[in-house]
1. Against the definition (among the aliphatic types (A, V, I, L, M), within 11 Å of chain A (Cβ to nearest Cβ) and open to solvent by 40 Å² or more (accessible area, probe 1.4 Å)), how does B:LEU75 come out, yes or no?
2. Residues that are acidic (Asp, Glu), at least 3 per element: which strands (runs of 3 or more DSSP E) completely within region B:8-126 meet that?
3. Return the only residue of B:LEU125, B:LEU132 being under 25 Å from B:ILE195 (Cα atoms), open to solvent by 60 Å² or more (accessible area, probe 1.4 Å) and hydrophobic (A, V, I, L, M, F, W, C).
4. So how many residues does region B:111-149 have that are basic (Lys, Arg) and touching a residue at least 12 places away in the same chain (Cβ under 8 Å)?
5. State whether the residues of region A:91-109 include one that is touching a strand residue (DSSP E or B) at 6+ places or on another chain (Cβ under 7 Å), closer than 26 Å to A:PRO140 by Cβ and open to solvent by 30 Å² or more (accessible area, probe 1.4 Å).
6. Quick check: is even one residue across region A:192-213 more than 14 Å from chain B (Cβ to nearest Cβ) and either open to solvent by less than 20 Å² (accessible area, probe 1.4 Å) or in contact (Cβ under 8 Å) with a residue 12 or more places away in the chain (or both)?
7. Within region B:48-70, track down each residue that is under 26 Å from B:GLN33 (Cβ atoms) and either free of Cβ contacts under 8 Å to residues at least 40 places away in the same chain or within 14 Å of chain A (Cβ to nearest Cβ) (or both).
8. Taking the condition without any contact (Cβ under 8 Å) to a residue 40 or more places away in the chain and either aliphatic (A, V, I, L, M) or within 14 Å of another protein chain (Cβ to nearest Cβ) (or both), does A:GLY138 pass?
Amino acid sequence: MRTVVNSLREAKQVWSRNPATYIVCTISCFISLFCIGIVSVFGIFVYQGAQAVGTRFLNVTSFFERTANHEDINQTILSLESLEGVQRVQYVSPQEALQLLQQEYPDMETSINPLPSSLRIEPKSAKDVPSIITYLRGIPSIEYIEDTSEAATNYSNIIRILLILGIALLLIFLLAFIFSVSSSIGISVFSFRKEIFIMQLLGATPGTIRAPFLFIASVCAIIGGICNAIVLFPVVQYVYQFYQSFLFFSPIDMNTQLLSLQLGATLLFIGFFISITSTIFSVSRHIQ
Amino acid sequence: MTSLPILQIKSVTKTYPHGIQALKNVSFSVAEQEFVYIMGRSGAGKTTLFRIITKQEEPDEGEVWIEHELISSILQRKKHLVRRKIGVVFQDFNLIDYKTVFENVSFALEIRGLSRRYIQKQTELALDIVGLSQRVQNYPPMLSGGEQQRAVIARAIVTKPKILLADEPTGNLDYKTSESIMDLFSKINQLGTSIVMATHDLDIVSGTGRRIIILDHGEKMGENRG
């Protein structure tokens, strides 16, 4: 307990020696964590959106020959549902297909229905599409197969690029955070070099020497993290609304309040952990 | 005086980068309660020797023993244990300006996590020995050079070290103040602490009858009596 009290007293001295440095450090912590938060929010929304849109985009439609009867169709549905890569199979009758067509082209003459029965198959992922198509080609009652795997692959490539970009941004902001904390602590260690030297010669343990700096770094990270959590809360709601209006055709359903809380708490923890680690590294380098 | 060595330097050699040889095969020992002077001009290797004893530097060759423990084999992360056996006094005082005299002295005990009561008692005792009982609440810049050196000595002895290293402790002081500081070292030595003092001031060592180890260009040139 006495060691903690002594460390706090030393931390007060460390703080009073360079207050501006620690204020800048706290602001840098806040900005870095906020940027990490924003990139993470976008990442989460893009991922959720990708799943929602991907499901819409990715499907295989198989059209039956006009001679195909109900038994053929039912048997095909059952066999497709038992396939591993199939998520869902939806039967579209000629009448339903015509209704859909009429919705799109109301002026169209519909006295004769030329449309065949079809199956709309949702694969689990794009990589399941070739095996489903191969399987469908083996069914004699199927006349024609249409798939959106190419569009879905293009779409998933765009998502992948966005995710890589997001990870790169996250790394940049993380590095900025580490640099901000370690350089602030570096300045403070330098200004305290005489005291550190005296402490070393008096037989202080490395832990005792590090303690005041660890305390300061923790305070900067915690204040920065709390500010980030407070600011992130309304920003997440705003980004969510923007995203929903952007992806109006495939809305994502998320509890943004819980997301804000979880993200704020996670970033607070990450910030605290990184500050502690980079402080230990900075002070140890000087002690060596 | 007993003959048990408290400090043993065995064939210590230290060469800095660019081939500057600071110490060349230096050997000597210091017995319990002995007062030894290390004499030599600037660059003779006195400070390097002290830096090696306090594990601020490692020797290239040779061994350093303190209280029958080979300190050159102690791991870097455990070097604080070696330093706790030694009291150190510098020429340029090295007091912490934002701490009072009392806080400066008690700091040596505080970093060891000792109880407040023990710290209070030992600090008062050390300040009494050095004659600074009346200046406990003063800050270092408010003290004279002699008083600052006394505060440093109090900080060095408050932990009751077996050995006290003093690197040119009177280098920044006038003759009269130097004399009083030397009297204080004699008093501390009489109380049972071995003292190794580096100096280049012949006036300090002459007439003391104490052992003098002479260093020149990193080599031990011989031993003498003051």
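The values are calculated or read from the model by the stated rules, or taken from the named source; none is laboratory data. Since this is a predicted model, take the numbers as computed values, not measurements. As a convention, Cβ positions derive from the backbone with ideal geometry for all residues, glycine included, and neighbour counts pool all protein chains shown. Accessible surface areas use protein heavy atoms only, side chains included; no ligands, DNA or RNA. Shrake-Rupley method; radii C 1.70, N 1.55, O 1.52, S 1.80 Å.
1. Numbers: among the aliphatic types (A, V, I, L, M): yes; within 11 Å of chain A (Cβ to nearest Cβ): no; open to solvent by 40 Å² or more (accessible area, probe 1.4 Å): yes.
No; evaluated as a whole, the condition is false for this residue.
2. On the way: elements: B:20-31, B:35-39, B:61-66, B:86-89.
It comes to none.
3. On the way: B:LEU132 fails: open to solvent by 60 Å² or more (accessible area, probe 1.4 Å).
Only one candidate qualifies: B:LEU125.
4. Step one: of region B:111-149, the residues basic (Lys, Arg) are B:112, B:116-117, B:121, B:135.
Cutting the leftovers down to touching a residue at least 12 places away in the same chain (Cβ under 8 Å) gives us B:112, B:135.
Within region B:111-149, residues that are basic (Lys, Arg) and touching a residue at least 12 places away in the same chain (Cβ under 8 Å) number 2.
5. If we filter region A:91-109 for residues that are touching a strand residue (DSSP E or B) at 6+ places or on another chain (Cβ under 7 Å), which is where we start, we get A:91-92, A:97.
When the remaining residues are screened for being closer than 26 Å to A:PRO140 by Cβ, the result is A:91-92, A:97.
Among the residues that remain, those that are also open to solvent by 30 Å² or more (accessible area, probe 1.4 Å) are: A:91.
There is at least one residue in region A:91-109 that is touching a strand residue (DSSP E or B) at 6+ places or on another chain (Cβ under 7 Å), closer than 26 Å to A:PRO140 by Cβ and open to solvent by 30 Å² or more (accessible area, probe 1.4 Å).
6. If we filter region A:192-213 for residues that are more than 14 Å from chain B (Cβ to nearest Cβ), which is where we start, we get A:213.
If we keep only those that are either open to solvent by less than 20 Å² (accessible area, probe 1.4 Å) or in contact (Cβ under 8 Å) with a residue 12 or more places away in the chain (or both) too, we end up with A:213.
Within region A:192-213, one or more residues are more than 14 Å from chain B (Cβ to nearest Cβ) and either open to solvent by less than 20 Å² (accessible area, probe 1.4 Å) or in contact (Cβ under 8 Å) with a residue 12 or more places away in the chain (or both).
7. B:PHE50, B:ARG51, B:ILE52, B:ILE53, B:THR54, B:LYS55, B:GLN56, B:ILE66, B:HIS68, B:GLU69, B:LEU70 - these are the residues of region B:48-70 that are under 26 Å from B:GLN33 (Cβ atoms) and either free of Cβ contacts under 8 Å to residues at least 40 places away in the same chain or within 14 Å of chain A (Cβ to nearest Cβ) (or both).
8. On the way: without any contact (Cβ under 8 Å) to a residue 40 or more places away in the chain: yes; either aliphatic (A, V, I, L, M) or within 14 Å of another protein chain (Cβ to nearest Cβ) (or both): no.
The answer is no for A:GLY138.
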